[in-house]
Amino acid sequence: MKHCIKCNTELADKSKYCNECGKNQSTDEYDNQDSYDEREDNYTRSPVYNTKPEYRENSDYGDANNFNAKRKHSPILIICLIVTVIVIVGGVVALGLLSAHKYTSDDLKYQDIPASTKSVTPEVTKTEPAKTAKSAIVGKLHQKVIVPDIRYGTYEIEINSITLTTERNKYSKVKPVEVYKVNYTYKLLSSGTSTHGLYVSSFASFDSTGESGEGYPGGTGDYPKPLTIIGTKCSADTFVAVKNKSSFINLVLDYSVTNDSGHMIFKIPTK
């Protein structure tokens, strides 16, 4: 008795086909069919390939009994894989560069800065006072002083005399202790921007104690006149009232300079 090579159904020795599954018993792909063990009611066979596959280098099968057909990869899939690898590698490199830059920047923050590059707050430089605008031009009695007035023109001025006077103006509200009559002369040296000409009319004053005086409505005297012709001059009188008896009077005259105002001072003794 023999058994079906497919379903193991018991068959007659001369049976070519299985009565159960219809398997052709003469096309057995196994060589050793006679290993039937009647005592154990089973049989064992060792499968053997009739023909071994041809060995090819770089094939996808490990041995001749475990053959797998070589896979063919799509070109599009290969390109996608290459692009993915490039993107991943590029990302890793970029992250590395950014990280290196960050650590470098952080390190620089804590490094000692060379002395040549440290920010130093410059010390305030003391400058000398300007000698034009607010610097006083100081003169004396009978001294000719040139005044650089850009508005009324450059001119020359001189204090000719100062005289204590007893004349009083009964209509004035000023109640001075002393009143002085001052005679002066001014001369036009060059024209300024004003079309009205040079006109020197009055002085401010302060006495020897430093207290400010003021102009006093004058009595008899010469009045100033405008000068427009270069080289002409004018002599005039002005009255100055002070509140204290003084050994000298400071006469102050303002004049115009660029973007500022200057002044000159005549220190005139009263005795």
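Mind listing whichever residues of the stretch 81-94 are modelled with pLDDT of 65 or more and hydrophobic (A, V, I, L, M, F, W, C)? Even if it seems obvious, please write down each step before you answer.
Step one: list which residues in the stretch 81-94 are modelled with pLDDT of 65 or more, which gives 81-92, 94.
Listed by number, the residues that qualify are 81, 82, 83, 85, 86, 87, 88, 89, 92, 94.
Of the residues 184, 216, 199, 255, which single one is closer than 15 Å to residue 153 by Cα and surrounded by 19 or more Cβ atoms within 10 Å (Cβ to Cβ)?
Details: 184 fails: closer than 15 Å to residue 153 by Cα; 216 fails: closer than 15 Å to residue 153 by Cα; 199 fails: surrounded by 19 or more Cβ atoms within 10 Å (Cβ to Cβ).
From the options 184, 216, 199, 255, the qualifying one is 255.
Among the residues of the stretch 239-251, those that are in a strand (DSSP E or B) and crowded, with 16+ Cβ neighbours inside 10 Å comprise 239, 240, 241, 242, 249, 250, 251.
Where residues in the stretch 201-238 are among the small types (Gly, Ala, Ser), in a loop (DSSP other than H, G, I, E, B) and under 55 Å from the mean Cα position of the chain (by Cα), which of them is farthest from residue 163 (Cα to Cα)? Let's see the steps before the verdict.
Going residue by residue through the stretch 201-238, those that are among the small types (Gly, Ala, Ser) are 201-202, 204-205, 208, 210, 212-213, 215, 218-219, 221, 231, 235-236.
Of the ones still in play, those that are also in a loop (DSSP other than H, G, I, E, B) are 201-202, 208, 210, 213, 218-219, 221, 231.
From what is left, the residues that are under 55 Å from the mean Cα position of the chain (by Cα) are 201-202, 210, 213.
Numbers: 201: 18, 202: 16, 210: 20, 213: 16 Å.
Looking at the filtered set, the residue picked out is 210.
The values are calculated or read from the model by the stated rules, or taken from the named source; none is laboratory data. The shown structure was predicted, so the numbers you read here are calculated from the model rather than taken from an experiment. Every residue, glycine as well, gets a Cβ built from its backbone with ideal geometry; the counts of neighbours run over all protein chains shown.
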